[in-house]
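*Asks:* Before anything else, here's the structure in question.
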Amino acid sequence: MAPVYFKILIQCLSSPRLYRIHSTAASQGFNYEPKLLERWGDVVIKSFWVLLNLKVISIPVIGFALYRKCYVALTGIGLLLAASYGLRAVGRSTNEVYISFLRTLIEAQKDMKTHKRTLLKYDFDFSSWPVEFRWNETEGDESKQRIFLNTTSSQNSNSLLDNILSLPIKTIGYMVAHGVGYKLMFPGSIRTLQFFIDNAIVQGRTKLIEENRADRFKMLTRDGNELDSVFVDRRKRHDNGDILVICCEGNAGFYEIGIMATPLGCGYSVLGWNYPGFGWSSGSPYPDHVANGMDTVMQFAINKLNFQPENIILFAWSIGGYALSWASMNYPEVKGAIVDASFDDVVPLAQARFPSSWGPLVKRIVRDYMNLNNAAQLSRYPGPTLFFRRTQDEIIAIDPDILATNRGNNLVIKVLQHRYPRLVEDKALDVLHDWLSTGNPAEQLSLLRKFNVNEDLCTSILASYVSEYSSKYPMMIGEEADFKELTKIQLTLFLARRYLQDYNSTHCTPLPSRLFVLPWDISPDADFVKL
């Protein structure tokens, strides 16, 4: 018995933390209760790693200790950690619930396909969960050409002299971006923050798994990052279940407590995932890592979950618009894109958070390292698109008290200008700015009446163009010499109403399920008038 126990003890030294045993049809769910030794060891170990993640504090302290040659103190910390790991292992090795879980995990790591359903009973540190999908598993991923829009500030600096002269600025920019920039832009990746909301995250995940029957998966991206994700399969259970909604969270959002609840309330199948560095996803949320993560998620949805692109809706909130716009550009066959409280370009928002004198430097750093160019990417998507604008948004508005400064306006305008360049120009563009400057329905209705916008007539005119020419973007409707300016204004306002919905709320209020509808699209089958 001693050799067997010693083997279990060794396994428990590096085994994952167990949080909960989920409910099943035959048993009630319950939170895992560690024994005293395990609980004490966990407190010490977690406290140490939290302090270590507070690099601003821990590095100077450790550096000072080394400088003063306080090796005794450092040795004491090491011994305390070693003792904590040992006591935790002893506590786990004598806990029947934990040992049962550990045996299941070991078997699943050998053969995940056979033991997946049993492993799903447990909620534990995801780093030990076996990888179930790799970015290069399918031929489709290798054969598909991926699109990236490179718009860094140094694109046009081709000469050797320019590169040498800009080297100090680039060095400073790299240090700022990787030191604090990404943490400011993606605060959800700060491990200390995650530590304080850990209970809420576990509870949210429990609700998804136990109430919504979600399955958990681990994916491996081409960067080597491991993505934590959950899938709620509503096929054959709901009318909308054959449509998959892929959710892209905000800069402090997690699938456990994020936007999945909105499409779930409508009966859709839903796939949620955490960005690199968020929750139990490894890595950091660099733009290329986020894009590669999104690509892996799309390949997983198509090749593992067996949803065709035409049955996939992309749904994003806030900074999640970057992942959505990249996916829509690279998977133009998807059914639709729904963008909630997002922006066109992160540069103006970043500049607004710093003194105006810093503007050029901020722009350069963002362009070189954190270039979230949502409008440029989304403009390449040819499918149905719906935007939600929060009329009290305090995050993506340059001035929260002025709706006209909401960068969601710029996103809508840029997409409409790309799709209908001969409509959204001159006087029609001015009127569109006026319409977007107010979130008051009565004022918007007054503007529609002022220009006599007739929805049936506008639908008919657009359907006529699509029937005679095509639905490809950009549509050159309005380029005819005899096309009236009033008609351009009417069509522009009509399109704005179809593409944009206002929601009277602040930035972080969950979007109600009643507002989650399929994006509008021009139907060539509608009755139309000849232009």
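What follows draws every value from the coordinates through simple rules; no lab data is involved. Just so we're clear, the structure is a prediction, and the values are computed from it rather than from any experiment. Here Cβ is always computed from backbone atoms with ideal geometry, including for glycine, and neighbour counts include all displayed protein chains.
*Asks:* Using the Kirkwood radius built from alpha carbon pairs, what does the Stokes-Einstein equation give as D for the range 133-368 at 20 °C and 1.002 mPa s, in µm² per second?
*Replies:* Answer from the Stokes-Einstein relation: 114 µm²/s.
*Asks:* Would you list LEU18, LEU372 from fewest to most Cβ contacts within 10 Å?
*Replies:* Values: LEU18 22, LEU372 25.
Going from sparsest to densest Cβ surroundings: LEU18, LEU372.
*Asks:* How long are the three semi-axes of the equivalent ellipsoid for the chain, computed from the Cα gyration tensor as the root of 5 times each eigenvalue, in whole Å, largest first? Walk me through the intermediate numbers first.
*Replies:* Values: eigenvalues 452, 171, 81 Å².
Working from the Cα gyration tensor, I get semi-axes of 48, 29, 20 Å.
*Asks:* Please arrange GLU210, GLU132 by how many other C-beta atoms lie within 10 Å of their C-beta, fewest to most.
*Replies:* Working: GLU210 15, GLU132 18.
The fewest-first ordering by Cβ neighbours comes to GLU210, GLU132.
*Asks:* Hey, any idea what the orientation-averaged projected area of the convex hull of the range 399-439's Cα atoms comes to, in nm²?
*Replies:* Numbers: hull surface 11.0 nm².
Taking the Cα atoms of the range 399-439, their convex hull projects to 2.7 nm² on average.
*Asks:* What area, in nm² and to one decimal, does the C-alpha convex hull of the range 242-311 cast on average over all directions?
*Replies:* Numbers: hull surface 19.2 nm².
Computing the convex hull of the Cα atoms and averaging its projections yields 4.8 nm².
*Asks:* So what J values fall out for the range 324-338 if you push phi through Karplus, 6.51 cos²θ - 1.76 cosθ + 1.60 with θ = phi - 60°, rounded to Hz, Gly and Pro as x?
*Replies:* Listing the rounded values in order: 4, 5, 5, 5, 5, 5, 8, 10, x, 7, 4, 5, x, 10, 10 Hz.
*Asks:* Quick one: Cα convex hull volume of the range 179-244, Å³ per residue? Don't jump to the answer; show the numbers that get you there.
*Replies:* Values: hull volume 9.1 nm³, N = 66.
Expressed per residue, the convex hull around the Cα atoms of the range 179-244 is 138 Å³.
*Asks:* Next question. Please arrange LEU184, LEU87, LEU36, LEU378 by how many other C-beta atoms lie within 10 Å of their C-beta, fewest to most. Could you put the intermediate results ahead of the total?
*Replies:* Numbers: LEU184 14, LEU87 19, LEU36 9, LEU378 26.
In order of increasing Cβ crowding within 10 Å: LEU36, LEU184, LEU87, LEU378.
*Asks:* Summing +1 for each Lys or Arg and -1 for each Asp or Glu, what net charge is found among the other residues whose Cβ lies under 10 Å from the Cβ of ASP228?
*Replies:* Details: positive: ARG205, ARG216, LYS218; negative: GLU226, GLU256.
Net charge in that neighbourhood comes out at +1.
*Asks:* Now a separate question. Suppose only helical runs count, i.e. DSSP H with n ≥ 4. What mean residue ellipticity at 222 nm does that imply for the chain under -39500 (n - 2.57) per run, divided by all residues and rounded to the nearest 500 deg cm²/dmol?
*Replies:* Details: 23 runs with 251 residues, N = 531.
Helix-only estimate at 222 nm: -14500 deg cm²/dmol.
*Asks:* Which percent, nearest 5, of DSSP beta bridges in the range 133-368 are antiparallel? Could you put the intermediate results ahead of the total?
*Replies:* Values: 10 of 26 bridges.
Of the beta bridges lying entirely in the range 133-368, close to 40 percent run antiparallel.
*Asks:* How much length is gained if the chain between ARG237 and ASP401 is pulled fully straight, taking 0.36 nm per residue apart and subtracting their Cα-Cα distance, in nm to one decimal? Spell out each step's value before the answer.
*Replies:* Values: separation 164, 0.36 × 164 = 59.04 nm, distance 4.43 nm.
Answer, rounded to one decimal: 54.6 nm.
*Asks:* Within the set of other residues whose C-beta is less than 12 Å from the C-beta of TYR369, count the net charge using Lys and Arg as +1 and Asp and Glu as -1. It would help to have the intermediate numbers written out before the result.
*Replies:* Working: positive: LYS170, LYS363, ARG364, ARG367; negative: ASP288, ASP368.
Once all neighbours under 12 Å are counted, the net charge is +2.
*Asks:* Related question: What are the residues whose amide H is under 5 Å from the amide H of ARG20, where those residues sit 5 or more places off or on another chain and H is modelled from the backbone?
*Replies:* When sequence neighbours closer than 5 places are left aside, the close amide H contacts are TYR32, ASP123.
*Asks:* Can you give the extra length, in nm with one decimal, that the chain gains between GLU394 and ILE77 once fully stretched, where that is 0.36 nm per residue apart less the Cα-Cα distance? Walk me through the intermediate numbers first.
*Replies:* Working: separation 317, 0.36 × 317 = 114.12 nm, distance 4.45 nm.
Stretched out fully, the GLU394 to ILE77 stretch lengthens by 109.7 nm.
*Asks:* Just for the Cα atoms in the range 384-531, what are the lengths along the principal axes, largest first, rounded to whole Å?
*Replies:* So the extents along the principal axes, rounded to whole Å, are 44, 31, 25.
*Asks:* Taking only C-alpha pairs under 8 Å that are 6+ residues apart, what is the relative contact order of the chain in percent?
*Replies:* Numbers: 841 pairs, mean separation 61.0, N = 531.
That works out to 11 percent.
*Asks:* Please work out the FRET efficiency for the pair ALA26 and LYS450, using the Cβ-Cβ distance as r and a Förster radius of 56 Å; give the result to the nearest 0.05. Don't skip to the answer; put the middle values down first.
*Replies:* Working: r = 66 Å, r/R0 = 1.17.
Working from the Cβ atoms, E equals 0.30.
*Asks:* Can you pick out the pairs among LYS46/LYS116; LYS183/LYS304; LYS183/LYS414; LYS113/LYS218 whose Cα atoms lie more than 21 Å from each other?
*Replies:* Violating the 21 Å Cα-Cα cut-off are LYS46/LYS116; LYS183/LYS304; LYS183/LYS414.
*Asks:* So, with +1 on the Cβ of K and R and -1 on the Cβ of D and E, and no other charges, what is the size of the charge dipole of the chain about its Cα centre, to the nearest 20 debye?
*Replies:* 1880 debye
*Asks:* Next question, about the same structure. So for the chain: antiparallel DSSP bridges make up what percent, rounded to the nearest 5? Write out the running numbers ahead of the final one.
*Replies:* Details: 16 of 40 bridges.
That works out to approximately 40 percent antiparallel.
*Asks:* Given 0.36 nm per residue, what is the gain on full extension from LYS46 to ASP288 after removing their alpha carbon distance, in nm?
*Replies:* Values: separation 242, 0.36 × 242 = 87.12 nm, distance 3.06 nm.
Here the segment from LYS46 to ASP288 would lengthen by 84.1 nm.
*Asks:* Tell me, what is the FRET efficiency for GLU107 and LEU515 to the nearest 0.05, using R0 = 56 angstrom and their Cβ-Cβ distance as r?
*Replies:* Details: r = 45 Å, r/R0 = 0.80.
That gives a FRET efficiency of 0.80.
*Asks:* Which percent of Cα pairs goes in each bin when the distances of the range 426-496 are cut into 10 angstrom slices starting at zero?
*Replies:* The calculated distribution, bin by bin, is 19, 51, 26, 5.
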